[in-house]
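**Student:** Shown below is the structure under consideration.
The values are calculated or read from the model by the stated rules, or taken from the named source; none is laboratory data. Source: prediction; values computed, not measured. Here Cβ is always computed from backbone atoms with ideal geometry, including for glycine, and neighbour counts include all displayed protein chains.
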Amino acid sequence: MDKITQNRINQLHPSVRKEMETIINECNKALTGRSQVRISQGLRTFAEQDALYAQRPKVTNAKGGQSIHNYGFAVDIVLIIDGSQANWDTHKDWDGDKISDWDECVKIFAKHGWNWGGNWTSFKDMPHFDKIGWNNWRTLINKSKDAQGYVII
């Protein structure tokens, strides 16, 4: 696991950090070829979310507070090829095992109870994964927060 990914895991909600380390390590072990997983986005502030919402072309339907990223229960991933090239090709089989590397990761995330944005019907978000059970911002927005600013679950 690279330092960027580890730093982003350390900012996620404390209740999912260890699990996310396990998921990333399992993905990287399964990807025996040239690719490894990097978390490209994890926890976002409401202000960061609003800035993304304002971007054109549209990259998100969620304003600040309306994204699971704002609570530390979501990540976006990218495959890093040969240690340097970012790639979001969901069909490429970098390790030659006849299964796309992306699909290998999707299965591992699902095994651990994470929802994939590629399964959404209205707005496909291929890099996105969120923790099932904590993937409703309406439930989270009014929860009390601990001293570090994370929702108390």
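**Student:** Of all residues in the stretch 19-47, which are within 22 Å of I152 (Cβ to Cβ), without any contact (Cβ under 8 Å) to a residue 40 or more places away in the chain and touching a strand residue (DSSP E or B) at 6+ places or on another chain (Cβ under 9 Å)?
**Tutor:** G42, L43, R44
**Student:** Further, regarding this structure: Tally the residues that are part of a loop (DSSP other than H, G, I, E, B) and touching a His at 6+ places or on another chain (Cβ under 7 Å), restricting the search to the stretch 46-79. Please lay out each step first, then the result.
**Tutor:** Pass one, the stretch 46-79, residues part of a loop (DSSP other than H, G, I, E, B): 55-67, 72-73.
When the remaining residues are screened for being touching a His at 6+ places or on another chain (Cβ under 7 Å), the result is 72-73.
The total comes to 2.
**Student:** Give the residues of the stretch 109-153 that are of a type in the set (A, V, I, L, M) and part of a loop (DSSP other than H, G, I, E, B), sorted by residue number. Show your work before the answer.
**Tutor:** Narrowing the stretch 109-153 to residues of a type in the set (A, V, I, L, M): 110, 126, 132, 140-141, 147, 151-153.
Listed by number, the residues that qualify are M126, I132, I141, A147, I152, I153.
**Student:** Kindly indicate whether any position in the stretch 16-31 is crowded, with 16+ Cβ neighbours inside 10 Å, farther than 19 Å from A110 by Cβ, among the charged types (D, E, K, R) and in contact with a His (Cβ under 9 Å, 6 or more places away or on another chain).
**Tutor:** no
**Student:** Tell me, please, whether a residue that is more than 14 Å from V16 (Cβ to Cβ), within 9 Å of the chain's Cα centre (by Cα) and modelled with pLDDT of 95 or more can be found in the stretch 63-77.
**Tutor:** Scanning the stretch 63-77 turns up at least one residue that is more than 14 Å from V16 (Cβ to Cβ), within 9 Å of the chain's Cα centre (by Cα) and modelled with pLDDT of 95 or more.
**Student:** Which one is farthest from P127 (Cα to Cα), of the residues in the stretch 80-107 that are in contact with a helix residue (DSSP H, G or I) (Cβ under 6 Å, 6 or more places away or on another chain) and not polar (S, T, N, Q)?
**Tutor:** W94
**Student:** Continuing with the same structure: Got at least one residue in the stretch 95-106 being under 19 Å from R17 (Cα atoms), assigned to a loop (DSSP other than H, G, I, E, B), under 14 Å from the mean Cα position of the chain (by Cα) and at pLDDT 95 or above?
**Tutor:** no
**Student:** Ok, one more. Tell me, which residue of the stretch 84-101 that is in contact (Cβ under 8 Å) with a residue 12 or more places away in the chain and of a type in the set (G, A, S) is nearest to W116 (Cα to Cα)?
**Tutor:** The selected residue is A86.
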